[in-house]
1. Which whole number gives the average, over all residues in B:73-83, of C-beta atoms from other chains lying within 10 Å of the residue C-beta?
2. Shape verdict for the range A:103-238, please, from the Cα gyration tensor: rounded (a/c under 1.5), prolate (a/b greater than b/c) or oblate.
3. For a quick protection proxy, order the peptides A:172-181, A:250-259, A:217-226, B:88-97 by their average other-Cβ count within 10 Å, most packed first.
4. Can you put A:T299, A:T41 in order of Cβ neighbours within 10 angstrom, beginning with the fewest?
5. Where does chain A land at 222 nm, in deg cm²/dmol rounded to the nearest 500, when only DSSP H runs of n ≥ 4 count, each adding -39500 (n - 2.57), divided by all residues?
6. Need one number: nm distance between label points at B:L319 and A:D181, each 7 Å from Cα along Cα→Cβ, rounded to one decimal.
7. Hey, if you put +1 on the Cβ of every Lys and Arg and -1 on every Asp and Glu Cβ in the range A:3-142, which of A:A109, A:P138, A:G48 ends up farthest toward the positive end of that dipole?
8. With the dipole of the protein assembly as shown worked out from charges on the C-beta (+1 for Lys and Arg, -1 for Asp and Glu) around the Cα centre, which of B:V230, B:A288, A:L247 lies farthest toward the positive end?
2 protein chains.
Amino acid sequence: MGEFELLARVWERLPQAGPRVTLGSGDDAAVTLPGGATATTVDAFVDGVHFRREWSSLAQIGHKALAAALSDLAAMGAQPGEAYVCLGVPTDLDEDGCLELLDGMAALAAATGTTLAGGDLTRAPALLLAMTAVGHAPAPEDLVSRAGARPGDVLAVTGELGGAAAGLLLLEGANPHSVPDSGNERRFEALRDRQLEPRPRLAAGRALAEAGATAMIDLSDGLGGDAGHVAARSGVRLAVDAAALPLAAGLAEVAQAAGRDPLELAASSGEDYELLVSLPEERFTAAAAVKEAEGIELTRIGGVQAGSGVEIRLPGGRLLRPAGYDQLG
Amino acid sequence: MGEFELLARVWERLPQAGPRVTLGSGDDAAVTLPGGATATTVDAFVDGVHFRREWSSLAQIGHKALAAALSDLAAMGAQPGEAYVCLGVPTDLDEDGCLELLDGMAALAAATGTTLAGGDLTRAPALLLAMTAVGHAPAPEDLVSRAGARPGDVLAVTGELGGAAAGLLLLEGANPHSVPDSGNERRFEALRDRQLEPRPRLAAGRALAEAGATAMIDLSDGLGGDAGHVAARSGVRLAVDAAALPLAAGLAEVAQAAGRDPLELAASSGEDYELLVSLPEERFTAAAAVKEAEGIELTRIGGVQAGSGVEIRLPGGRLLRPAGYDQLG
């Protein structure tokens, strides 16, 4: 099967295009009627860098690539609209494999109300996905940048941290059952799922934007590094109380089995795709109602101060210096 | 230098953002105010598949990747707006190399009024670029799909064909100076440029859309294959008179030196990035005024008939069966 036939098979499996898409796949470009403001993000996923085919099903790889792109839209408080995929196919991935991957992507697209509106398919030396996701909002001021955190704001985070890192340790062979009272296997299954099938916090992102978030970012590189982006763009200092970090269930046991510090994992490891948000003190209660939007907690983890940089203070006063993700990859 | 510093160095070299971009690079997503209809296309470029680093400067690779994406916008008759790049960087490409590549891309962006509004940078096993280009038009009906060709329409093409293929033959070692009266070297330099630095026909595309084009496509895969897409989407037959094809200057000599048929090259080889357009007979004269828009000719090469498929008739009546590009890559 050639490129054109494979694309045709892909497109015919996709759900109905969203209301903004007036001309879908199969032309030179997709035509949309965006309305107000759009948020556009691009995200590359490369085998051996962002995922490993031996750990993930192809459907999970497709899911995760789209999830990471949608997570950027969540961090803007945008409503997801359209996604586009460039798929680079190595010689050892056949057509059925491509379709399995795209089915995984399409399932998340359908679950989030995203239209897969176009794509490109090419040979490549390794499996790679370059995702483009476009989100919508009535006006630019409805979207939340990284630049608006102000001294006095509360700093909060959605959900739990360190789960994706714990899942990675499990995939790498950590054995938490060597730890006394490690509990049952289901928690560890959930941690692997966090790593392999992350869920973008789209409803939470929109709820936080409406509640008055002043700055927001998704935790793809890790709290330390991502908080650093907010601090730099907002021109403020972010002070985090490490004891307040909401740790993923089972993280402590996995960390112990792997000889790692759970707080360090929660503060510096990537791919949790939770949202870090700043907002005025008087808006925090309203924002915590995000739990009703997506069933996840909003946890206060610190505050915004005048100054620069990020400070993560451990119980006892020692400062944690989380490893940065400041490298290619 | 890490990813963040390199991206910062890139963004600071970019020209001022266009009027639709309200939040540029460095946040979770770029924020734009599109206005009417948008046309969005994604296009992957992989070393060894779409280009060879030994033939192209890095600036040319950056240029060509963006040019190919913008060519899809030209084929819609859209005004280019924003572009986004996922850059996959192999270990043997250093930061200065990345900047040279992005400078080449930025130069074409500036020349075409395109804002490079975002990007992602990652390690990859080979140099790869995944481009997203977004174009604009007042309304969806101002954009030209592949689906509107009607029996009785004239079929026409912009510029010259076969130039990129001749350039590729030259890069592969064809020596046209072995052919008597091959003329001077400058023509062959121009053919190499066609291959390495294609120019998207943006002004021509908009002029043809305004002149009443019923269907349009850019010739990236070759006339035979691309005409096939128009025929399939429009539900018509496209009849091409091969003798009418506008051959690139120097193509005949290069083809002879390489033992190839120039008409076959013009009809089936890709990457000319000219526009194939159908339009009602009475609109052809107005459309030919595209020459004033971009200094390139519009040449009548055939017509649209009831039926299906593409017919390319050689002088003497024999039918040319151009090799398709119906494969990955």
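Bear in mind that the values in this text are calculations on the coordinates, not laboratory data. Everything quoted here is computed from the prediction, not taken from an experiment. Backbone-built Cβ (ideal geometry, glycine too); neighbour counts: all protein chains shown.
1. Numbers: counts 2, 1, 3, 6, 1, 3, 0, 0, 0, 2, 1.
Taking all residues of B:73-83 together, the mean is 2.
2. Here the range A:103-238 falls in the oblate category.
3. A:217-226, A:250-259, B:88-97, A:172-181
4. A:T299, A:T41
5. -10500 deg cm²/dmol
6. In this crude label model, B:L319 to A:D181 measures out at 8.1 nm.
7. Of the candidates, A:P138 comes out farthest on the positive side.
8. Checked the options; the winner is B:A288.
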